[in-house]
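The values are calculated or read from the model by the stated rules, or taken from the named source; none is laboratory data. These numbers come from a predicted model, not from an experiment. All Cβ positions, glycine included, derive from the backbone under ideal geometry; neighbour counts span all protein chains shown.
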Amino acid sequence: MTRRSSRTPRALLAAGVLSLALLGSGCSQLGLSDDDKSSDAKPTPSASPTAAQPAFDSQFTRDGTFQSHITLDQAPGMDFVYTLYPTKSTPRTNEWYPKGGKYFSFTFQAYDLSQDIRAPFKTKRKVYLSHVAVTSATTTSNGGATESPYTLDAKAPKVTFDPQPLTTKWGMLITSPKGAFELRNQEIGDVSDDTIGVTLTLTADVAVETAAGSGKFTRQQVTQQVPIAIFASDQPTTSQSIPVDAN
C-alpha cells in the first residue's frame, strides 16, 4: 500500500482551492488594472474659455477717444495729429447701435517737432489746411453690402468751429499752438442691423512750409482711418439734446 493514494484527494483539493484563489485574485487584479487605466487616463483637454473679443477692433470704442500721430517723409519733423472723441449727446461708445444718430467730434493740428514746444512761434514752420474730406464704410457680420453713413467734403475754413480762422491763400493755419481745425457734433446715421463696425477715412489737404519764415510750401495729403465698433441692439442709440457748440 502506498501513501500516494491516501494523500491525493487532499492534495488535489488543496491545489484546486489554491487555483481558484489564484484565479479569483487574477480576475480581481485585471479588474483593478482596467479601473486604474481608466482613472489614470488624462481627459481630452477642452478648449478653455477665453475672454470675449470685440467683433470689430476699435481703439475709439475701447478707449472712448482716438488720436493718431502721422509723419510724412516729405515733411520731416512735422507731427500731424487727428483726435476723435464722442460728444456729450452719445458718450457711451459701447452703446452705439445700428439705429439712431451716433455723434462725434474731431480736431486736426500740426506740431513742428524740430523746435522746442515753448520756442517762439516764428521759429516754427507754418502748416495750412485747405480742404478736408471724410468717407465711411460699414462692415457687417455676414458680408453684406457696404453703406456710407457719414461723409464730409468741405473747405476747411468754412466748416471749422472757429468762425474767424487765420487764413491765407494756402488755407487755414493749423500749426500748434496758434491754429487748429475743429469740427463738432458730426452724425453717423442709421446702418443695417447686421453692421458690426464703421470705418472713417479722413483726408486733409495741407501746405507745409519748407523752412520757418521761408514762405515756400509743399502740398501734401494726410490720411487716417478710424475704426468704430457698432453693437447689436433692437433699440436705437440713445442721444441727448446738446447745443451744437457744446462739444
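The set of residues in region 193-235 that are farther than 23 Å from residue 64 by Cα, in contact with a Gly (Cβ under 9 Å, 6 or more places away or on another chain) and not β-branched (Val, Ile, Thr) comprises 205, 207, 209. Give the residues of region 50-64 that are touching a Ser or Thr at 6+ places or on another chain (Cβ under 7 Å) and modelled with pLDDT of 95 or more, sorted by residue number. Across region 50-64, the qualifying residues are 60, 61, 64. Against the test of being buried (at least 18 other Cβ atoms within 10 Å of the Cβ), closer than 24 Å to residue 177 by Cβ and out of contact with any Cys (no Cβ under 6 Å at 6 or more places or on another chain), the options 139, 107, 90 yield a single qualifying residue, 107.
Might you let me know whether region 150-166 holds any residue that is touching a residue at least 12 places away in the same chain (Cβ under 8 Å), touching a helix residue (DSSP H, G or I) at 6+ places or on another chain (Cβ under 6 Å) and farther than 17 Å from residue 102 by Cβ? Please lay out each step first, then the result.
Applying the first criterion (touching a residue at least 12 places away in the same chain (Cβ under 8 Å)) to region 150-166 yields 150-157, 159-162, 165-166.
Add one more test, that the residue is touching a helix residue (DSSP H, G or I) at 6+ places or on another chain (Cβ under 6 Å), and what stays is 165.
After this cut, where a residue has to be farther than 17 Å from residue 102 by Cβ as well, the list is 165.
Taking every residue of region 150-166 in turn, at least one turns out to be touching a residue at least 12 places away in the same chain (Cβ under 8 Å), touching a helix residue (DSSP H, G or I) at 6+ places or on another chain (Cβ under 6 Å) and farther than 17 Å from residue 102 by Cβ.
Each residue in region 63-105 was checked for being in a helix (DSSP H, G or I), free of Cβ contacts under 8 Å to residues at least 24 places away in the same chain and touching a Pro at 6+ places or on another chain (Cβ under 9 Å), and 0 of them qualify.
Among the listed residues 236, 227, which satisfies the condition of being of a type outside the set (D, E, K, R) and surrounded by 14 or more Cβ atoms within 10 Å (Cβ to Cβ)?
Only one candidate qualifies: 227.
Against the list (1) within 21 Å of the chain's Cα centre (by Cα); (2) at pLDDT 95 or above, the condition residue 143 fails is (2).
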